1. Could you list all residues from the stretch 198-217 that are crowded, with 20+ Cβ neighbours inside 10 Å and of a type in the set (A, V, I, L, M, F, W, C)?
2. Name every residue in the stretch 199-214 that is closer than 17 Å to Ile185 by Cα and either of a type in the set (Lys, Arg) or assigned to a helix (DSSP H, G or I) (or both), in order of residue number.
3. Just checking, which of Lys134, Lys200 is over 21 Å from the mean Cα position of the chain (by Cα), under 30 Å from Ile26 (Cα atoms), modelled with pLDDT under 90 and assigned by TED's automatic domain parsing to the domain that holds Ile234?
4. Of the numbered conditions (1) at pLDDT 95 or above; (2) not in a helix (DSSP H, G or I), Leu119 satisfies every one except a single condition; which is it?
5. Taking the stretch 140-179 as the search range and keeping residues that are surrounded by fewer than 11 Cβ atoms within 10 Å (Cβ to Cβ) and assigned to a helix (DSSP H, G or I), which one is modelled with the lowest pLDDT?
6. Tell me which residues, restricted to the stretch 182-192, are in contact (Cβ under 8 Å) with a residue 24 or more places away in the chain and either surrounded by 15 or more Cβ atoms within 10 Å (Cβ to Cβ) or not assigned by TED's automatic domain parsing to the domain that holds Ile234 (or both).
7. Just to be sure before I move on: is Ala87 hydrophobic (A, V, I, L, M, F, W, C), outside any strand (DSSP E or B) and at pLDDT 70 or above in the structure I sent?
8. In the stretch 30-62, how many are in contact with a strand residue (DSSP E or B) (Cβ under 9 Å, 6 or more places away or on another chain) and of a type outside the set (A, V, I, L, M)?
Amino acid sequence: MKINSSDYKVKLDVFEGPMDLLVYLIKKNEVDIQDIPISLITKQYLYYLELIKAMNIELAAEFLLMAATLTHIKSKMLLPISEDEDAEAEDPREEITRPLIEYLKIKSASQELEKKNILGVDTFVRKGDVNEFKPDAKEEAIEVGLFQLIEAFASIMGKLSSEERINITIDIISIKDKINEIVEILETKKTETFFGLFEKSGTKMELITTFLAILEMIKLKIIDVIQTKQEGVIRIILN
C-alpha cells in the first residue's frame, strides 16, 4: 500500500514525553535544574515542537500543555517585582522544577529495576550484542534518544536546497517499502550510520519518509540506535 507522508503519523508519546524533552534540553545546555534559564529553554522547547510538527509526527496533548506552562512561567518572570511583594516569594520556575526532579527520581528507579534479573529471562533467545557490530569493540556505546535523532535529522533537512524544500507533495512514498529497504541494507552491512541511510534520499518527502520509517522500526523493536562515545557517530543496528 502506498502511503503519503502527509497521511502517516508516528505517535511521539510512544517514545518519549515532554519531561524527556525538557531533561534533554537541560543536559544539552549544561544548566542547573535548580536554576533553569526559562527563556532559553522555552525558546528551544518551542523550536523542537515546530521540528516535530514539520516531520509529521503526532504531538500528544501533554507536549502542548508543557509549552503553555513554560510560556506562562516565562511571562511571570518578566513581570516586575513590586516593593510590597514578599522577598521570599516562590520562584515561578518551581512550577516546573519540582515535577522535573520527581520525574528524574522515578525514571532513575525505573532504570535500576530494568537492570535487575527477571525470572525466566534466560529462556528467551538473546539478541546479538551491539558491541560486536561496532567498528571498535572497545568503544563504549550509549543509547540514542528520540530528540537527539530529531536534532540529527534537522541538520540533514537544513542541507536541502530551497527547490528541494518546496517540492514536498509530488511523490507518494510507501513507508513499508522504506522499512524493507532499510532492513535489506542492515542485513547486508550489519550496521549503517544514521546519516548513511539518508544518502540516497534527495527530496524532502524522501527524507521525511526515511525518518518516519526509522521511528516506526524503533517502535517495533526492529532496530537499535546507538552512538559510540569516541566516534560520536549514530549507528543503526538490526535486532
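1. Met205, Leu207, Ile208, Phe211, Leu212, Ala213, Ile214, Leu215, Met217
2. Passing the criteria: Lys200, Glu206, Leu207, Thr209, Thr210, Phe211, Leu212, Ala213, Ile214.
3. Going through Lys134, Lys200 in turn, just one is over 21 Å from the mean Cα position of the chain (by Cα), under 30 Å from Ile26 (Cα atoms), modelled with pLDDT under 90 and assigned by TED's automatic domain parsing to the domain that holds Ile234: Lys134.
4. With respect to (1) at pLDDT 95 or above; (2) not in a helix (DSSP H, G or I), Leu119 is out only on (1).
5. Glu163
6. Ile182, Val183, Leu186, Thr191, Glu192
7. Here the answer is no, as Ala87 does not meet what is asked.
8. Looking only at that region, the number is 2.
The values are calculated or read from the model by the stated rules, or taken from the named source; none is laboratory data. Bear in mind the structure is a predicted one, so any value in this text is a computation, not a measurement. Cβ: placed from backbone, ideal geometry, glycine included. Neighbour counts: every protein chain shown.
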